[in-house]
Amino acid sequence: MKNSKIAVIGLGYVGLPLAHAFSSKYKVVGFDIAQWRIDELISGHDRTLELSETQVKEAIDNGMEFTNQLEDIADCNVYIVTVPTPIDKHKKPDLTPLIKASESIGKVLKKDDIVIYESTVYPGATEEECVPVLEKFSGLKFNEDFFCGYSPERINPGDKEHTVTKILKVTAGSTPEIGKKVDALYASIITAGTHLAPTIKVAEAAKVIENSQRDINIAFVNELSMIFNRLNIDTNAVLEAAGTKWNFLPFRPGLVGGHCIGVDPYYLTHKAQEVGYNPEIILAGRRLNDNMGIYVASQVIKLMIKKGKKIEGAKILVMGITFKENCPDIRNSRVIDVIRELQEYGCDITVTDYWADAEEVKHEYNLDLVKEANTDEYEAMVLAVAHEKYRNMKIGNDNQVVYDIKSILEKSDGRL
């Protein structure tokens with residue numbers, strides 16, 4: 001794979017860091033359909049903050065190009081797809097971005113090219129959904145004229161320690177020979193090493209259960225939190241005590257959002273139902289986690305009533321809207337569930353988050369974001385995201401309600 005010219009399709013949280021890593025050893029073209037994203041990267045800026053300005057310019061100095069024109073990737077021989085795989089309003093897999101990317105690649109696909117998918121899917125999606133599209137638009141035959149690989153992304157947004165090259169990578173190919181080639185390609189940049197799976201379906205399944213497992217474990221501690229709250233027991237104190245056993249898993253209660261844990265289990269359950277099995281544990285965990293925002297809002301209202309607060313028109317400050325701490329990613333943030341439920345009670349909600357982009361929040365959730373807020377002006381405050389700046393803040397007085405979802409404040413009226 002020494003003479004590989006790589007096209008990375010989709011330049012978001014997954015694609016851009018991957019393209020940067022490959023650019024140190026290969027010719028790389030970053031492709032994205034959004035002109036604003038291309039312009040932004042050419043100027044040296046990455047709004048996801050996964051790459052610094054220095055790193056973006058480093059990739060450009062290495063010869064990396066950014067484009068939204070198909071002809072600019074026509075001479076590549078490896079295509080890596082890193083587009084989103086969301087769910088629709090019915091919580092069913094939405095493969096539209098994946099299919100559109102496959103159509104585009106099919107138009108420029110040539111003999112002996114390899115198409116590698118990184119997007120999280122259900123087992124079988126690459127060969128059952130994407131390959132037919134590649135064949136249709138290229139006129140080529142799978143595993144004769146072109147080949148496929150799968151290497152599921154393991155990006156952790158906002159994590160500057162576990163970056164793309166430092167996380168072991170699972171790889172797979174559509175034939176044993178291609179599997180070895182795909183593995184060698186990634187092994188050339190992934191310092192943490194690689195694991196070659198026997199088939200693409202195995203690699204797809206491995207990825208989708210990683211996040212399903214985390215989802216179920218978080219659902220378990222969320223349920224414990226609700227039980228212990230009724231028993232007037234500090235959940236975190238219980239978890240710390242239990243955590244002294246060497247094999248106790250250190251999960252914590254919270255809102256489960258983002259583009260992985262809150263989405264991927266639905267890909268697996270969709271495929272399970274398609275083959276006649278109705279998954280019980282996975283869907284039970286999903287239902288519980290999907291309802292945590294409603295639960296949090298109800299707890300806030302109860303605490304306000306205990307302090308004699310009038311609920312209708314009460315001013316409440318929600319601190320944090322991103323789906324996790326110390327990153328600007330607002331995709332599938334479940335903080336919105338807390339906000340919408342409090343609005344249903346008639347509360348006047350202000351949202352502050354110094355990481356999130358105000359325009360994105362307005363477009364995605366129709367909320368007007370404020371960067372800073374005076375906490376003295378509110379009847380209640382909900383600390384929703386554990387941003388570094390919020391840690392150990394002293395907020396609230398005896399007349400205010402403070403609810404700490406992430407359990408990072410020294411003092412609060414309630415927490416998960």
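So here's what we get for this one:
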| quantity | calculated |
| --- | --- |
| Which listed residue is closer than 26 Å to LYS207 by Cβ, of a type in the set (Asp, Glu) and touching a helix residue (DSSP H, G or I) at 6+ places or on another chain (Cβ under 9 Å), from GLU58, GLU65, GLU50 | GLU50 |
| Residue within region 60-74 that is over 15 Å from VAL28 (Cα atoms) and either touching a Cys at 6+ places or on another chain (Cβ under 9 Å) or at pLDDT 95 or above (or both) present | no |
| Residue that is farthest from ALA358 (Cα to Cα) [pool: residues in region 61-78 that are surrounded by fewer than 17 Cβ atoms within 10 Å (Cβ to Cβ) and hydrophobic (A, V, I, L, M, F, W, C)] | ALA74 |
| Scope region 217-236; condition surrounded by fewer than 20 Cβ atoms within 10 Å (Cβ to Cβ), part of a helix (DSSP H, G or I) and out of contact with any Phe, Trp or Tyr (no Cβ under 9 Å at 6 or more places or on another chain); matching residues | GLU223, LEU224, ILE227, PHE228, ASN229, ARG230, ASN236 |
| Region 194-206 residues that are among the basic types (Lys, Arg), paired with ones that are assigned to a loop (DSSP other than H, G, I, E, B) (beta carbon under 8 Å, 6 or more apart) | LYS201/PRO123; LYS201/GLY124 |
| Residue list for region 248-259, restricted to those being closer than 22 Å to ASP290 by Cα, open to solvent by 20 Å² or more (accessible area, probe 1.4 Å) and touching a helix residue (DSSP H, G or I) at 6+ places or on another chain (Cβ under 7 Å) | LEU249, PHE251, ARG252, LEU255 |
| Meets criteria (closer than 21 Å to SER225 by Cβ, out of contact with any strand residue (DSSP E or B) (no Cβ under 8 Å at 6 or more places or on another chain) and at pLDDT below 95) for GLU325 | yes |
| Condition met for THR350 (in contact with a strand residue (DSSP E or B) (Cβ under 6 Å, 6 or more places away or on another chain), of a type outside the set (D, E, K, R) and either open to solvent by less than 70 Å² (accessible area, probe 1.4 Å) or on the phi > 0 side of the Ramachandran plot (or both)) | yes |
| Which listed residue is surrounded by fewer than 20 Cβ atoms within 10 Å (Cβ to Cβ) and either touching a strand residue (DSSP E or B) at 6+ places or on another chain (Cβ under 7 Å) or modelled with pLDDT under 95 (or both), from LYS245, LYS307 | LYS307 |
| All positions within region 368-385 that are surrounded by 19 or more Cβ atoms within 10 Å (Cβ to Cβ) and either part of a loop (DSSP other than H, G, I, E, B) or at pLDDT below 90 (or both) | TYR378, GLU379, ALA384, VAL385 |
| Helices (runs of 4 or more DSSP H) contained in region 242-336 and holding at least 2 residues over 25 Å from the mean Cα position of the chain (by Cα) | 292-306 |
| Region 138-162 residues that are more than 21 Å from TYR122 (Cβ to Cβ) and at pLDDT below 95, paired with ones that are of a type in the set (Lys, Arg) and assigned to a loop (DSSP other than H, G, I, E, B) (beta carbon under 7 Å, 6 or more apart) | PRO157/LYS324; GLY158/LYS324 |
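Residue-by-condition table, conditions (1) open to solvent by 10 Å² or more (accessible area, probe 1.4 Å); (2) in a helix (DSSP H, G or I); (3) closer than 30 Å to HIS162 by Cβ:
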{"site": "ASP46", "(1), (2), (3)": "no, no, yes"}
{"site": "ILE80", "(1), (2), (3)": "no, no, yes"}
{"site": "LEU98", "(1), (2), (3)": "no, yes, yes"}
{"site": "ILE105", "(1), (2), (3)": "no, yes, yes"}
{"site": "LYS110", "(1), (2), (3)": "yes, no, no"}
{"site": "ILE116", "(1), (2), (3)": "no, no, yes"}
{"site": "THR120", "(1), (2), (3)": "no, no, yes"}
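The values are calculated or read from the model by the stated rules, or taken from the named source; none is laboratory data. If you're wondering where the values come from, they're calculated on a predicted model, not measured in any experiment. Using ideal geometry, Cβ is built from the backbone for each residue, glycine included, and neighbour counts are taken over all protein chains shown. Only protein heavy atoms, including side chains, enter the accessible area calculation; ligands, DNA and RNA are left aside. Shrake-Rupley method; radii C 1.70, N 1.55, O 1.52, S 1.80 Å.
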